[in-house]
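Report on the structure given below.
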Amino acid sequence: MSHRSLSRRPEAPVPVIFYFFGAFLFFFLTLPVNGWRPWPNQKPNATELLYGGSKKYEGSSEFVHLKYHMGPVLTANITVYPIWYGRWGNSQKRIIRDFISSFSAVDSKHPSVAGWWKTVQLYTDQTGANISRTVHLGEEKNDRFYAHGKSLTRLSVQSVIKSAVTARTRPLPLNPKTGVYLLLTSDDVYVQDFCQNVCGFHYFTFPSIVGYTLPYAWVGNSAKLCPGTCAYPFSVPSYMPGFKAVKSPNNDVGVDGMISVIAHEIAEVSTNPLVNAWYAGQDPSFPVEIADLCEGIYGTGGGGSYTGQMLNGEDGATYNMNGVRRRFLVQWVWNHILNYCSGPNALDQ
């Protein structure tokens, strides 16, 4: 999900006699599938309340009951449309572009991002069709002038997407069936709940705001606001005095921290784009999705306060996967066939 947020359906016109009821639902159902917070959790989140500490462990499966709820998943070739909100450096954009391009780069050195994506591909729809093997980097949109301000609500996030797809010049294409609109906010932009228990989230746009139902995700650069929360383990929060930050693989703590959150959200929006497909838990208002179940796990043995066994480069940087032109640190995702978290850098692979 991106985690712990209310899953809800897009708004639709309602008769006048249901106006009050509709307004009531709108109030409670407008939050996206809630944001992702890498593991150093200060407070219990919905996943922990469901599964306690057990879900933190790489081999845990006793309490996990991930189910398919018959909704659509992204089985056709996926196109990711980045929306760069705020000021971004060219080197930062290259890191994220290379990461997205790595999903389908099957020739990358093992362990690879493409190998990680194979776990996501295991998920199917009602017909048995798998999540697409192909993830394309699509057209991009820039908003260097903060047209919607430097403080965004969850609903104004959708307004940013609307601006991108309805722009007078070079609007992003409308692709409701195979597109993922990836809103990326720069390190001087605050988004509602950012740094508290949210580092990113995914949902779908409301026709009443955007005019279309489009799967989207938001991920923020936490470098200035909360790197210890959203860029861990490249930065360590003050409440973990015994831990030392590791070196990021692309020399940008904020963007390297975003990579795993982007992976988290794309994996979940692909398997649960309308929040009615793959998730665990009895309450559909708080779906626990395939990346939530493996939050903070990057290698074999991961769980609790331990990230798992990662790789160290000759330059001292920490990573666990190779991709196009560079290395990345990406959390694992839940493998519903094996019934535990898995990744391409697992010691048994």
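The values are calculated or read from the model by the stated rules, or taken from the named source; none is laboratory data. The model shown is predicted, which means the values in this text are computed figures rather than measured ones. A quick note on method: Cβ atoms are made from the backbone with ideal geometry, for glycine too, and the neighbour counts reach across all protein chains shown. These area figures cover heavy atoms from the full protein model, side chains too; ligands, DNA and RNA do not enter into them. Shrake-Rupley method; radii C 1.70, N 1.55, O 1.52, S 1.80 Å.
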- Filter the range 188-222 down to residues that are assigned to a loop (DSSP other than H, G, I, E, B) and in contact with a Ser or Thr (Cβ under 7 Å, 6 or more places away or on another chain), then give me how many there are. 11
- Message: For the list (1) in contact (Cβ under 8 Å) with a residue 60 or more places away in the chain; (2) assigned to a loop (DSSP other than H, G, I, E, B); (3) on the phi < 0 side of the Ramachandran plot, I need the number of the one condition that D283 fails.
- Response: (1)
- Query: Of all residues in the range 312-340, which are under 23 Å from Q121 (Cβ atoms), outside any loop (DSSP other than H, G, I, E, B), touching a Phe, Trp or Tyr at 6+ places or on another chain (Cβ under 9 Å) and modelled with pLDDT of 95 or more?
  - Reply: Y319, M321, N322, R327, F328, V333, W334
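Mind telling me which of the residues Y146, Y181 ends up being touching a Leu at 6+ places or on another chain (Cβ under 7 Å), under 30 Å from L225 (Cα atoms), of a type outside the set (A, V, I, L, M, F, W, C) and in contact (Cβ under 8 Å) with a residue 12 or more places away in the chain? Show your work before the answer.
Numbers: Y146 fails: touching a Leu at 6+ places or on another chain (Cβ under 7 Å).
Answer to the selection: Y181.
State yes or no: is T169 open to solvent by 10 Å² or more (accessible area, probe 1.4 Å), out of contact with any Pro (no Cβ under 8 Å at 6 or more places or on another chain) and not in a strand (DSSP E or B)? Outline the logic, then answer.
Numbers: open to solvent by 10 Å² or more (accessible area, probe 1.4 Å): yes; out of contact with any Pro (no Cβ under 8 Å at 6 or more places or on another chain): yes; not in a strand (DSSP E or B): yes.
When the stated conditions are applied, T169 passes them.
Table: residues versus (1) crowded, with 24+ Cβ neighbours inside 10 Å; (2) not in a loop (DSSP other than H, G, I, E, B).
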| site | (1), (2) |
| --- | --- |
| S235 | no, no |
| M240 | no, no |
| F243 | no, no |
| N251 | no, no |
| G257 | yes, yes |
| S260 | yes, yes |
| E265 | yes, yes |
| V275 | yes, no |
- Enumeration of residues in the range 188-209 that are aliphatic (A, V, I, L, M) and open to solvent by less than 10 Å² (accessible area, probe 1.4 Å): V189, V191, V198
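Could you tell me which residue of the range 60-93 is farthest from A129 (Cα to Cα), considering only residues that are of a type in the set (K, R) and touching a residue at least 12 places away in the same chain (Cβ under 8 Å)?
Filtering the range 60-93 down to residues of a type in the set (K, R) leaves 67, 87, 93.
Now restrict to residues that are touching a residue at least 12 places away in the same chain (Cβ under 8 Å): 67, 87.
Values: K67: 16, R87: 39 Å.
Residue satisfying both the conditions and the ranking: R87.
Which members of the range 99-111 meet the condition of being open to solvent by 10 Å² or more (accessible area, probe 1.4 Å), in contact (Cβ under 8 Å) with a residue 60 or more places away in the chain and of a type outside the set (A, V, I, L, M, F, W, C)?
First, the residues of the range 99-111 that are open to solvent by 10 Å² or more (accessible area, probe 1.4 Å): 101, 104-111.
So of that shortlist, the ones also in contact (Cβ under 8 Å) with a residue 60 or more places away in the chain come out as 101, 105, 108-111.
Within the range 99-111, S101, S108, K109, H110, P111 qualify.
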- Sort out which residues of the range 328-349 are open to solvent by 50 Å² or more (accessible area, probe 1.4 Å), of a type outside the set (S, T, Y) and in contact with a Gly (Cβ under 9 Å, 6 or more places away or on another chain), and write them in order of number. L347, Q349
- Quick one: in the range 279-324, of everything that is polar (S, T, N, Q) and surrounded by fewer than 21 Cβ atoms within 10 Å (Cβ to Cβ), which residue is farthest from R94 (Cα to Cα)? Q282
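For every residue, the table says whether it meets (1) more than 30 Å from D188 (Cβ to Cβ); (2) assigned to a loop (DSSP other than H, G, I, E, B).
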residue: W84; (1), (2): no, no
residue: I95; (1), (2): no, no
residue: V120; (1), (2): yes, no
residue: Q126; (1), (2): yes, yes
residue: E139; (1), (2): no, yes
